[in-house]
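The values are calculated or read from the model by the stated rules, or taken from the named source; none is laboratory data. Please read all numbers here as calculations on a predicted model, not as lab measurements. All Cβ positions, glycine included, derive from the backbone under ideal geometry; neighbour counts span all protein chains shown. These area figures cover heavy atoms from the full protein model, side chains too; ligands, DNA and RNA do not enter into them. Shrake-Rupley method; radii C 1.70, N 1.55, O 1.52, S 1.80 Å.
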Amino acid sequence: MMKKAVVLLSGGLDSTTCLAMAKAAGFEPVCLAIDYGQRHAVELERARKVALAMGARDFRVVQMDLRSVGGSALTADIAVPKDRPEAEMSHGIPVTYVPARNLLFLSLALGLAEVVGAYDIYIGVNAVDYSGYPDCRPQFIEAFAALAGLATKAGVEGQRFQVHAPLSGMTKAQIIQEGTRLGVNYGMTHSCYDPDAKGRACGRCDSCLLRKKGFQDAGVPDPTPYTEGA
């Protein structure tokens, strides 16, 4: 039997590539999407389509409404920054940071891993082309992996959990090239923080700009449906 791995799947470019890499490594993926009250909820629809298209037989959605916490442009009435130059993106922590999001996501993934008998977790965090999020750094992933052994019944009984962040040292272009090699259809994915009513990407938020540049640098056609004028 194939070993299982829980894959955090948002429907975005990075997590979809991560799913492809988990499959290429020989794991049977258990895909976990989180409905946390994000303004770009269209990504949940994309996550389901991605999981189905990529042959994942187990896809789950957990609801965890972080709007009651707020503090982010993705969960509160705060404007999403647009048209920021790359130099500005690389300094400071932007308002699109969601407090404790990846800590909460990994905790849910860890709980699910215990339930399904998986000891591997995949998360598509990226520490090169990232927008200053502290919970995308390798130090955080390493610390959580250590915590997993202390916080679980399986860990106490001697099982060792591994948290895989295979995109951590890759540029967006390298991620796209690797996903393309693995047959990922990026036309199914969604990265925009502020899509229009039709679910089209704005083309101007940090995530859209990094995605656009990634396709350009990778020499791969960008299949993203952008809103008119973007």
Handout entry: Cα-centre dipole for region 112-175 with unit charges at Cβ (Lys and Arg positive, Asp and Glu negative), debye to 20
Key = 60 debye
Practice task
Estimate the FRET efficiency between HIS91 and ALA53 by the formula 1/(1 + (r/R0)^6), using the beta-carbon distance for r and 30 Å for R0, to the nearest 0.05.
Solution key: 0.20
Exercise for the section: Among PRO99, PRO85, PRO166, determine the one that fluctuates most according to a GNM of the chain built with springs between C-alpha atoms less than 10 Å apart. Expected result: PRO85
Exercise for the section: Calculate one ³J(HN,Hα) per residue across region 97-108 by plugging θ = phi - 60° into the Karplus curve 6.51 cos²θ - 1.76 cosθ + 1.60, and present them in order as whole Hz with x for glycine and proline. Expected result: 5, 9, x, 6, 4, 5, 5, 5, 4, 5, 5, 5
Exercise for the section: List every residue whose amide H lies under 5 Å from the amide H of HIS164, counting only residues 5 or more places away in sequence or on a different chain, with H placed 1.01 Å from N in the peptide plane. Expected result: ILE121, TYR122, ILE123
Practice task
List the relative contact order of region 1-45 as a percent without decimals, with contacts defined as Cα pairs under 8 Å and 6+ residues apart.
Solution key: 44 percent
Handout entry: Estimated [θ] at 222 nm from DSSP helical runs (n ≥ 4, -39500 (n - 2.57)) normalised by residues in the chain, nearest 500
Key = -11000 deg cm²/dmol
Exercise for the section: DSSP loop (so not H, G, I, E, B), at most 13 other Cβ within 10 Å: list which trypsin sites (Lys or Arg not before Pro) in region 75-172 pass both filters. Expected result: ARG160
Completion exercise
Quick calc: nm separation of the 7 Å Cα→Cβ label points for ALA25 and ALA41 -> 3.2 nm
Practice task
Give a residue-ordered list of calculated ³J(HN,Hα) values for region 6-21 (Karplus: 6.51 cos²θ - 1.76 cosθ + 1.60, θ = phi - 60°; whole Hz; x for Gly, Pro).
Solution key: 7, 10, 6, 10, 9, x, x, 4, 5, 5, 5, 4, 4, 4, 4, 6
Completion exercise
Here the gain from full extension of SER107 to LEU182, 0.36 nm per residue of separation minus their alpha-carbon distance, amounts to 24.2 nm
Problem - Per residue accessible area in Å² of the chain, where ligands, DNA and RNA are left out and the probe is 1.4 Å - result: 46 Å²
Fill in the blank from the handout: Taking 10-19, 207-216 and ranking on average Cβ neighbours within 10 Å, highest first, one gets 10-19, 207-216
Fill in the blank from the handout: Magnitude of the Cβ-charge dipole (Lys and Arg +1, Asp and Glu -1) of the chain about the Cα centre, nearest 20 debye, reported as 380 debye
Handout entry: Full-extension gain in nm, ASP83 to GLN159, via 0.36 nm per residue minus C-alpha separation
Key = 22.7 nm
Handout entry: Rounded percent of accessible protein surface that carbon and sulfur make up, the chain, 1.4 Å probe
Key = 53 percent
Problem - Amide H contacts of GLU28 (H built 1.01 Å from N, under 5 Å, at least 5 apart or other chain) - result: LYS3, LYS4, ALA5
Completion exercise
Measuring from its Cα centre, region 152-230 shows a charge dipole (+1 at each Lys and Arg Cβ, -1 at each Asp and Glu Cβ) which, in debye to the nearest 20, is 120 debye
Handout entry: Residue-count net charge about LYS212 - beta-carbon cut-off 10 Å; Lys, Arg +1, Asp, Glu -1
Key = +2
Exercise for the section: Determine ³J(HN,Hα), in whole Hz, for all residues of region 45-52 in sequence, where each value follows from phi through the Karplus function 6.51 cos²θ - 1.76 cosθ + 1.60 and θ = phi - 60°; x replaces Gly and Pro. Expected result: 4, 5, 4, 4, 5, 4, 4, 5
Handout entry: Sorted peptide list for 135-147, 61-73, 30-42, 194-206, criterion being average Cβ within 10 angstrom, highest first
Key = 30-42, 194-206, 135-147, 61-73
Practice task
Could you grab the relative contact order for the chain? Cα pairs under 8 Å, six or more apart, rounded to a whole percent.
Solution key: 23 percent
Problem - Relative contact order of region 160-213, defined on C-alpha pairs under 8 angstrom at six or more residues apart (%) - result: 27 percent
